[in-house]
Amino acid sequence: MTMETNESTAFSSSSLIKDSIATQFRQQILAGTLVPGEPLIEGKWATQLGVAQSSIRAALHILEFEGFVERGQGRSARVARIPMESVADCFEVRIALESLAARLVTERQPDLSDLDQIVADMRSAVKCRNLSAFYERDLRFHLTLCEKAGNSVLTQMLRRLLVPLFTFVIVRTHEKMDGLKRWTRSVDQHAQILAVIRKGDPELAVAEVAAILGYFSTDIDELTRNRTSSVKLLSA
């Protein structure tokens with residue numbers, strides 16, 4: 001009995017350590033302290049954090065699953081990155097995958113009350129001009145919607161695409177909420193996705209999601225180009 005208790009305690013402690021480390025890495029990635037493409041050397045971080053290298057490895061596996069970390073040559077871990085020239089391609093794939101998710105969710109008609117709450121939280125974030133809270137809930141909306149499709153492969157593919165897309169591209173197109181019209185429209189569009197799904201017409205849901213995501217894609221592309229042009233002018 002004592003042995004089982006000790007093993008259970010050790011397992012719980014190990015799980016807490018890797019989750020804590022994963023949280024630290026995640027926060028540094030989101031804050032930009034760890035930049036896209038930066039190597040994450042297990043031995044170095046184990047020494048720096050004063051933990052076993054196996055704990056670092058376990059934490060990196062969590063982040064790899066979530067899309068924050070990718071494996072390069074030699075299976076070494078590094079912060080995930082999306083080259084700016086690939087953003088349009090990412091959105092093209094995103095539209096295809098999320099349209100499929102919308103079809104499956106519409107056919108299944110699961111409870112969407114948690115998504116209603118996320119939309120309400122997004123609206124509150126806009127009123128408070130809390131950009132980070134808005135984007136955190138925006139990402140959660142799309143991941144939760146995909147999970148309701150009931151296809152684990154689709155969920156995994158979208159997670160690995162959406163997390164870096166939000167983290168390294170979408171979130172960094174804005175530094176603050178400058179004017180509420182853009183953000184209010186975004187919340188309304190998310191609410192519209194749920195409204196269309198509830199109508200029970202898969203084809204209509206696919207068309208609506210594709211149109212809304214197409215709008216998001218064009219908007220982000222324009223913002224990214226403008227931001228890049230501004231940086232070039234400042235550097236000239």
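The values are calculated or read from the model by the stated rules, or taken from the named source; none is laboratory data. This structure is a prediction, so every number in the text was calculated from the model and none was measured. Cβ sites come from the backbone with ideal geometry, for glycine too, and all protein chains shown count toward neighbours.
Annotations
- Residue in region 8-17 that is modelled with pLDDT of 85 or more and either under 30 Å from HIS174 (Cβ atoms) or β-branched (Val, Ile, Thr) (or both) present: yes
- All conditions but one from (1) in contact with a Lys or Arg (Cβ under 6 Å, 6 or more places away or on another chain); (2) surrounded by fewer than 17 Cβ atoms within 10 Å (Cβ to Cβ); (3) within 14 Å of ALA96 (Cα to Cα) apply to VAL206; the one that does not is (2).
- Residues that are more than 20 Å from ALA207 (Cβ to Cβ) and free of Cβ contacts under 8 Å to residues at least 12 places away in the same chain, drawn from region 76-124: PRO83, GLU85, SER86, ASP89, ASP111, SER113, GLN117, ALA120, SER124
- Just so you know, in region 30-48 the residues that are surrounded by fewer than 16 Cβ atoms within 10 Å (Cβ to Cβ) and either β-branched (Val, Ile, Thr) or assigned to a helix (DSSP H, G or I) (or both) include one that is modelled with the lowest pLDDT, and it is ALA31.
- Criterion applied to VAL187, VAL206 was being more than 20 Å from the chain's Cα centre (by Cα), at pLDDT 90 or above and in a helix (DSSP H, G or I), and the one residue passing it is VAL206.
- Filter pass, ALA77 being aliphatic (A, V, I, L, M) and out of contact with any Leu (no Cβ under 7 Å at 6 or more places or on another chain): no
- First in region 178-201 and outside the structural domain of LEU112 (by TED's automatic domain parsing) and closer than 15 Å to LEU131 by Cβ, second anywhere and at pLDDT 95 or above and surrounded by fewer than 15 Cβ atoms within 10 Å (Cβ to Cβ), Cβ under 6 Å, 6 or more apart: none
- Sub-9 Å Cβ pairs linking a first residue in region 3-32 that is outside the structural domain of LEU165 (by TED's automatic domain parsing) to a second residue that is modelled with pLDDT under 75, at least 6 apart or interchain, are ILE29/PHE168; LEU30/VAL171; GLY32/ARG172, ordered by first then second residue.
- The set of residues from region 24-54 being over 27 Å from ARG140 (Cβ atoms) and not aliphatic (A, V, I, L, M) comprises PRO39, GLU42, GLY43, LYS44, TRP45, THR47, GLN48, GLY50, GLN53, SER54.
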